[in-house]
Amino acid sequence: MSFNKTRISIFGGRDITDSIYDDAYELGKLLAKEGYLVYCGGGNGVMEAVSKGVNEDGGTIVGVLKGDTLEEMNDYISIPLATNMGITRNALLAYNCDVAVAVSGKYGTLSEIAFAMQLEKPVIGLHSWNLENLKNVNTPNEVIQFIKENT
């Protein structure tokens, strides 16, 4: 696998449907195949699904954790970063990306989208918030296309 220096942060919720889990998992696999370095919050839900896809296809997934231990980390994280920052770690996910992807999500995801937009990072939604300047798509392949067009 070739390594692509493009950093992708995934924003997304913990409580998701099976359909969202499947799309996030597929997105993770596609990100790994492209060689992107992927960041996420490291927990359950969207974060676990993306991590599983990235991990299973030989990619690298960095989990930026809320706490000061690895207890909240899902089983597929390659590199855990315990921050002890709580939800303020959401800003780290926005700072450490070239493109941000919001998958579904609630208010934590919304805050991550806001941080990324303030930093003028390209942001795309996959079944996410309906916001001005946030392009929403319906498939993981459309996310990959957006990333390629914006890096």
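For segment 98-127, how many residues meet the condition of being hydroxyl-bearing (Ser, Thr, Tyr) and either touching a residue at least 60 places away in the same chain (Cβ under 8 Å) or touching a Ser or Thr at 6+ places or on another chain (Cβ under 6 Å) (or both)? Reasoning before the result, please.
Taking segment 98-127 as the starting set, the residues that turn out to be hydroxyl-bearing (Ser, Thr, Tyr) are 104, 107, 109, 111.
If we keep only those that are either touching a residue at least 60 places away in the same chain (Cβ under 8 Å) or touching a Ser or Thr at 6+ places or on another chain (Cβ under 6 Å) (or both) too, we end up with 104, 109.
Result for segment 98-127: 2.
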Worksheet item: Looking only at segment 61-90, which residues are buried (at least 18 other Cβ atoms within 10 Å of the Cβ) and either of a type outside the set (D, E, K, R) or within 25 Å of PHE146 (Cβ to Cβ) (or both)?
Response: ILE61, VAL62, GLY63, VAL64, LEU65, MET73, ASN74, TYR76, ILE77, ALA82, ARG89, ASN90
Worksheet item: Given the residues TYR25, TYR36, which is the only one that is within 12 Å of the chain's Cα centre (by Cα), more than 14 Å from GLY105 (Cα to Cα), surrounded by 24 or more Cβ atoms within 10 Å (Cβ to Cβ) and not β-branched (Val, Ile, Thr)?
Response: TYR36
Practice prompt. Could you please find all residues in segment 67-120 being farther than 21 Å from ASP15 by Cβ and acidic (Asp, Glu)?
Written response: ASP68, ASP98, GLU120
Practice prompt. Please tell me if LYS148 is closer than 21 Å to GLU26 by Cβ, surrounded by fewer than 16 Cβ atoms within 10 Å (Cβ to Cβ), touching a strand residue (DSSP E or B) at 6+ places or on another chain (Cβ under 9 Å) and among the basic types (Lys, Arg).
Written response: no
Worksheet entry | Pairs with Cβ under 7 Å, 6+ apart, first in segment 129-151 and hydroxyl-bearing (Ser, Thr, Tyr), second not in a helix (DSSP H, G or I) | THR151/THR6; THR151/ASP98; THR151/VAL99
Discussion item. Let me spell it out: the conditions are (1) touching a strand residue (DSSP E or B) at 6+ places or on another chain (Cβ under 9 Å); (2) closer than 21 Å to PHE146 by Cα; (3) at pLDDT 95 or above, and GLU26 meets all of them except one. Which number is the exception?
Written reply: (1)
Practice prompt. Identify, from the list VAL123, VAL99, VAL103, the residue that is crowded, with 17+ Cβ neighbours inside 10 Å, within 16 Å of MET47 (Cβ to Cβ) and among the hydrophobic types (A, V, I, L, M, F, W, C).
Written response: VAL103
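The values are calculated or read from the model by the stated rules, or taken from the named source; none is laboratory data. Because the structure is predicted, anything quoted here is derived from the model rather than measured. No Cβ is skipped: glycine too gets one built from the backbone with ideal geometry, and neighbour counts run over all protein chains shown.
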